[in-house]
Amino acid sequence: MDQGSAVRNNTGDNQFATDNYNFHREHALSQFHDGHRFVASVLYELPFGEGKRFAHGRVGGKIVGGWQLGSILTLSGGTPINVGQIGDPLNIGTPNVPDATGVSPIPSNRNPDQFYNIAAFSASDPTLAYRFGNTGRNLLTTPGLQQWDFSATRNTRIREGHSLEFRFEAFNSLNHPNYNTPSVDVRTPSTFGRITSARTMREMQFGFKYIF
């Protein structure tokens, strides 16, 4: 919990209070809050090759020996973000915020086209021209992250003090869509809460390294 999450403006966070006479409204979940996060990392060396349990022979060890398998699994919830501001109708140099209607901002049929519920907010009340909206700070939560990374590495000894490393890596190996934050501008209901992009999908790379 905080009243401002950074000394500089972060995406979706405000550096200045909406109402300088009411700091209480700024006290909310920090932009860095992550209510649920699970990360597991595993590295396993296959038991084949010289000095291992299986495939002790010189030929067999050269073929199947020296392999390591690695994996990182990340499951994470989203982080808090503000509802979009509605300009400066009060003409005081500070952007105003919309009103909360009391309707849940989470739609019952949540999907990428309707991640937030526009009915939860209103910017059409004419009294917003001379009062602050009652929407609090960091009310919404961004989409979370589900990612499984995988790697396979083989170390081959050339001679004493010299070895060759081959590496294959797959980031987001299951190609799971991890969405970016949708629009939070209540002034454009047609795009509010609609996800239009995603984080990087599956990436694969190979690498060789000669160590001496």
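Where a number appears in this text, it was derived from the coordinates with a stated rule and is not lab data. Everything numeric here is computed off the predicted structure, so don't read it as measured data. In this analysis, Cβ positions are derived from the backbone assuming ideal geometry, glycine residues included, and neighbour counts consider all displayed protein chains.
Observations
- The computed Cα extents along the principal axes in Å for the structure shown corresponds, within (1) 43, 41, 35; (2) 62, 40, 29; (3) 84, 36, 23, to (3).
- Burial order of peptide ranges 34-45, 100-111 (average beta-carbon count within 10 Å, highest first): 100-111, 34-45
- Placing unit charges on the Cβ atoms of the charged side chains and taking the dipole of the range 24-211 about its Cα centre, the candidate lying farthest along the positive direction among 36, 192, 171 is 171.
- More than 19 Å apart - percent of Cα-Cα pairs taken over the range 34-127: 68 percent
- Net length gained if the chain between residue 32 and residue 125 were fully extended (0.36 nm per residue, minus Cα distance): 30.3 nm
- Inter-centroid distance (Cα atoms) of the range 64-99 relative to the range 12-28, Å: 18 Å
- At R0 = 45 Å, FRET efficiency that the Cβ-Cβ distance of residue 160 and residue 41 yields, to 0.05: 0.90
- Rounded to whole Hz, the Karplus (6.51, -1.76, 1.60) HN-Hα couplings of the range 78-95, x for glycine and proline: x, 10, x, 8, 7, 5, x, 6, 10, x, 10, x, 7, 6, 10, x, 10, x
- Percent RCO, i.e. relative contact order, over the range 24-211, from Cα pairs under 8 Å lying at least 6 residues apart: 21 percent
- Here the calculated FRET efficiency for residue 173 and residue 197, from their Cβ-Cβ distance with R0 = 30 Å, stands at 0.90, rounded to the nearest 0.05.
- Other residues whose C-beta falls under 14 angstrom from the C-beta of residue 210 contribute a net charge of +4, scoring Lys and Arg +1 and Asp and Glu -1.
- Net charge in the neighbourhood of residue 132 (other residues with Cβ under 13 Å of its Cβ; Lys, Arg +1, Asp, Glu -1) is -2.
- Projecting the Cα atoms of 114, 75, 161 onto the charge dipole of the range 24-211 (Cβ charges, centred on the Cα centre) puts 161 farthest toward the positive pole.
- 3J(HN,Hα) couplings calculated from phi for the range 134-140 with the Karplus curve 6.51 cos²θ - 1.76 cosθ + 1.60 (θ = phi - 60°) are, in sequence order, 9, 6, x, 8, 6, 7, 9 Hz; Gly and Pro show x.
- Estimated dipole of the chain in Debye, rounded to 20 [Cβ of Lys and Arg +1, of Asp and Glu -1, Cα centre]: 1080 debye
- Since only 135, 20, 3 are under comparison, the one whose Cα sits farthest along the positive direction of the charge dipole of the chain, derived from C-beta charges on Lys, Arg, Asp and Glu, is 3.
- GluC sites (Glu not before Pro) within the range 88-190, DSSP loop, no more than 10 other Cβ atoms inside 10 Å: 160
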